[in-house]
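Here is the structure we will look at, set down as structure tokens.
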Amino acid sequence: MKNISVIGAGTMGNGIAHVFAQAGFKVNIVDVSLAQLDRAVATITKNLDRQIAKEACTEETKKHTLANIKCISEIIEGVKDADLVIEAATENIELKLKIFDQLDEYSPKHAILATNTSSISVTKIAHTTNRPDKVIGMHFMNPVPVMKLVEVINGYATSKEVTTTIVELSKQLGKIPCVVNDYPGFIANRILMPMINESICSLYEGVAGVEEIDTIMKLGMAHPMGPLQLADFIGLDVCLAILNVLHDGFGNPKYAPCPLLVNMVAAGKLGVKSSEGFYTYTAGSKELVVSNRFK
């Protein structure tokens, strides 16, 4: 594989493009928004500068990485030479199905089509194409340049050859691939989201405050970040969407989203992206300043 196309220039898309370009692949970032493409390149540049400051890469590496990236606003042009296409659009099933219909039409017949979905059925996405054996989940963790895991999700029809290819490709990126099967939430979010949801329920029921819940999980369970701060980082709208996938997929009330989460999303309190969630976030000179809004 030489040519990689990443659909979507948001947080996950630019991170995926970054790691492939830094590993020596030619990468097209495809997004209809020219402003989003500009932000993606700026973010990748900033993250490379952070790596240089930490002596994790060199100025020469930065130069080659950026030279490997091309920004394209038309999907036809962006995927025409791709060996692998990775969709990293918003976690919306209708949007993903529309994108994969286009990817199937415009990508070379040999190309593998991957989705970075964190919960939506890979099998359902594959069904919209004429190459379900070449469709697979490639779920990177955020932030992509830092996190080692890639959750590789086999759809019902994904071929063993495609799975092997994606596993080996993930290793080339310096990642650790873990292969799972296609059921709601896969493994990462099937386990993570009920924990986050239970943390929100504990707050909703007045069992403990935000800082107490997060501190207990950090100090007692050795989590690097408390579940409520993590929910803010992921995006409360994303957490709600994943919980709805689990609830609908399994029909089990244990996955029902907490009413507090539902209300916060309805109010536009989405976490870091909206500057307010379980904490408030104020842009400082270098980092976000966190304060507990539930005090």
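The values are calculated or read from the model by the stated rules, or taken from the named source; none is laboratory data. Model, not experiment: these values are computed from the prediction. We place every Cβ from the backbone using ideal geometry, glycine too, and count neighbours over all the protein chains shown.
Quick check on Ile76: is it modelled with pLDDT of 95 or more, surrounded by 16 or more Cβ atoms within 10 Å (Cβ to Cβ), of a type outside the set (Gly, Ala, Ser) and assigned to a helix (DSSP H, G or I)? It is false that Ile76 is modelled with pLDDT of 95 or more, surrounded by 16 or more Cβ atoms within 10 Å (Cβ to Cβ), of a type outside the set (Gly, Ala, Ser) and assigned to a helix (DSSP H, G or I). Could you tell me whether the stretch 86-103 includes any residue that is in the same structural domain as Leu34 (by TED's automatic domain parsing), crowded, with 16+ Cβ neighbours inside 10 Å and over 30 Å from Leu240 (Cα atoms)? No: zero hits.
Does the stretch 30-47 contain at least one residue that is assigned by TED's automatic domain parsing to the domain that holds Asn116, in contact (Cβ under 8 Å) with a residue 40 or more places away in the chain, part of a strand (DSSP E or B) and within 30 Å of Lys98 (Cα to Cα)?
yes
For Asn130, the requirement of being modelled with pLDDT under 95 and surrounded by fewer than 20 Cβ atoms within 10 Å (Cβ to Cβ) is not met. Taking the stated definitions as given, is Thr129 hydroxyl-bearing (Ser, Thr, Tyr) and either in a helix (DSSP H, G or I) or not assigned by TED's automatic domain parsing to the domain that holds Gly13 (or both)? It is false that Thr129 is hydroxyl-bearing (Ser, Thr, Tyr) and either in a helix (DSSP H, G or I) or not assigned by TED's automatic domain parsing to the domain that holds Gly13 (or both). Restricting attention to the stretch 192-210, the residues that are over 18 Å from the mean Cα position of the chain (by Cα) and buried (at least 18 other Cβ atoms within 10 Å of the Cβ) total 6.
Going by the structure shown, is Gly185 closer than 26 Å to Lys254 by Cβ and not in a loop (DSSP other than H, G, I, E, B)? So Gly185 does not fit the description; no. When you check Val179 against the structure, is it farther than 18 Å from Leu243 by Cβ, under 25 Å from the mean Cα position of the chain (by Cα), modelled with pLDDT of 95 or more and not in a helix (DSSP H, G or I), yes or no? Yes: the conditions hold for Val179.
Test of understanding: among Ala256, Ala222, Ala231, Ala241, which residue is touching a helix residue (DSSP H, G or I) at 6+ places or on another chain (Cβ under 6 Å), within 23 Å of Met147 (Cα to Cα) and hydrophobic (A, V, I, L, M, F, W, C)?
Details: Ala256 fails: within 23 Å of Met147 (Cα to Cα); Ala222 fails: touching a helix residue (DSSP H, G or I) at 6+ places or on another chain (Cβ under 6 Å); Ala241 fails: touching a helix residue (DSSP H, G or I) at 6+ places or on another chain (Cβ under 6 Å).
Only one candidate passes the filter, namely Ala231.
Step by step: first the residues of the stretch 191-210, then only those that are polar (S, T, N, Q) and touching a residue at least 12 places away in the same chain (Cβ under 8 Å), then the one that is nearest to Leu246 (Cα to Cα). Which residue is that? Write out each step before concluding.
First, the residues of the stretch 191-210 that are polar (S, T, N, Q): 197, 199, 202.
Filter once more, keeping what is touching a residue at least 12 places away in the same chain (Cβ under 8 Å): 197, 199.
Details: Asn197: 12, Ser199: 17 Å.
The qualifying residue nearest to Leu246 (Cα to Cα) is Asn197.
I want to confirm something. Restricting to the stretch 154-176 and keeping residues that are assigned to a loop (DSSP other than H, G, I, E, B) and not β-branched (Val, Ile, Thr), which single residue is surrounded by the fewest Cβ atoms within 10 Å (Cβ to Cβ)? Walk me through how you get there before you give the answer.
Start the filter on the stretch 154-176 by keeping residues that are assigned to a loop (DSSP other than H, G, I, E, B), which leaves 155-159, 173-175.
Add one more test, that the residue is not β-branched (Val, Ile, Thr), and what stays is 155-157, 159, 173-175.
Numbers: Gly155: 24, Tyr156: 15, Ala157: 17, Ser159: 17, Leu173: 19, Gly174: 11, Lys175: 21.
Looking at residues that are assigned to a loop (DSSP other than H, G, I, E, B) and not β-branched (Val, Ile, Thr), I get Gly174.
Among the residues of the stretch 5-55, those identified as over 17 Å from the mean Cα position of the chain (by Cα) and of a type in the set (Val, Ile, Thr) are Val27, Val32, Val41, Thr45, Ile52.
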